[in-house]
Amino acid sequence: MQILDWIQTNNILATTIRVCTIILLTVVIAKIVKIACNKRIENNHLFVRFAQYIIVSVVYVAGILGAIGQIPQLNTVVKTILAGSGILALAISLSAQESLNNIISGFFIIIFKPFEIGDRVTLVNSNITGTIEDVTLRHTVIKTFINSRIVMPNSTINKEIIENSNLIDSKASSFIDVSISYESDTEKAMAIMARIIGEHPKYIDVRTEDEKKTEPKVRVYVRELGTSAVMLRASMWTKTVSENFDACSDVRLELKKEFEASGIDTPYNKVILGTLRAQERECD
């Protein structure tokens, strides 16, 4: 009787060791996969990020089934699951259609690549703008400009109209509009505007080699002759959208300083408080 108890105890101990070893190996392999994939995600490759989630999920599922299979009482259950994998897959597909739809939509995102990790996108239908931070098996994470995260199911984002500022060409352009008075020297204002924009360190020259022979580095246009001002416009080109916002701000500030120093007036509505009060007294 004691021998049987000893054998049974040893079997339980051996089973426990095997289960713990399989679980430990599963965790280690999953970590190795994550580390290997993270080294390949230096360029924010969406495929590598998505493949990481798939491989890690498969490793964990295989590890859990392997650990359960080491327990004699549950070994039959594992064999039944594997034998009836087709029926199991059908049951899962019926009960988790939304999750499977998100996974399939994730594959479509990987295949057609409407965006990459780090791209600045606008979801037109949802009026959401931000940077793609992550794409998992279930959802896509978008980081907004106020540092919040929007978690959107892959099936939803796959139906969106997406405006991608980084797709094919990451260069960005914004109009810089300036109004000057009719009394100001328009040509001088245009020259100042072209110089300040062209000398900005983040400005990039988008002219072709042929255009550089005949076209100015920065072209300034008279956009409109308004009722009280001449409206000028020029384009600010930068390598990325994120650089563009800062560069435009710098240029507008320098334009204000240069216009003031050069005697170029920017018209604006002026309300003289004393005159307004005098008119109020006359009305009384």
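Counting protein heavy atoms only, the range 164-213 has 50 percent of its accessible area on carbon and sulfur, 1.4 angstrom probe. The number of Lys pairs in the range 177-240 with C-alpha atoms less than 18 Å apart, excluding pairs fewer than 8 positions apart on the same chain, is 4.
If the segment from Ile23 to Ile64 were pulled out straight at 0.36 nm per residue, it would be longer than the present Cα-Cα gap by 14.0 nm. Residues of the range 160-186 falling in the label zone of Arg252, defined by backbone nitrogen less than 13 Å from a point 7 Å along Cα to beta-carbon, are 174-179.
Using 0.36 nm per residue, how much length does the chain from Glu211 to Ile35 gain when fully extended, once their Cα-Cα distance is taken away? Could the numbers behind the result be given before it?
Numbers: separation 176, 0.36 × 176 = 63.36 nm, distance 4.78 nm.
Gain on extension, Glu211 to Ile35, equals 58.6 nm.
Going out from 0 in 5 Å bins, what whole percent of all Cα-Cα distances in the range 155-227 drops into each bin? Final binned percentages: 3, 11, 17, 18, 15, 11, 9, 7, 5, 3, 1, 0. If R0 equals 35 Å, the separation of the Cβ atoms of Asp185 and Phe245 corresponds to a calculated FRET efficiency of about 0.70.
Accessible area, 1.4 Å probe, largest first: how do His200, His45 sort? Spell out each step's value before the answer.
Values: His200 25, His45 75 Å².
These residues rank, largest area first, as His45, His200.
For the range 109-200, a simple Cβ point-charge model (Lys and Arg +1, Asp and Glu -1, everything else neutral) yields a dipole of about 480 debye relative to the Cα centre. Net charge dipole, the range 165-252: roughly 80 debye, given to the nearest 20, about the Cα centre with Cβ charges of +1 for Lys and Arg and -1 for Asp and Glu.
The values are calculated or read from the model by the stated rules, or taken from the named source; none is laboratory data. Remember, predicted model here, so these are calculated numbers, not experimental data. Cβ sites come from the backbone with ideal geometry, for glycine too, and all protein chains shown count toward neighbours. Only protein heavy atoms, including side chains, enter the accessible area calculation; ligands, DNA and RNA are left aside. Shrake-Rupley method; radii C 1.70, N 1.55, O 1.52, S 1.80 Å.
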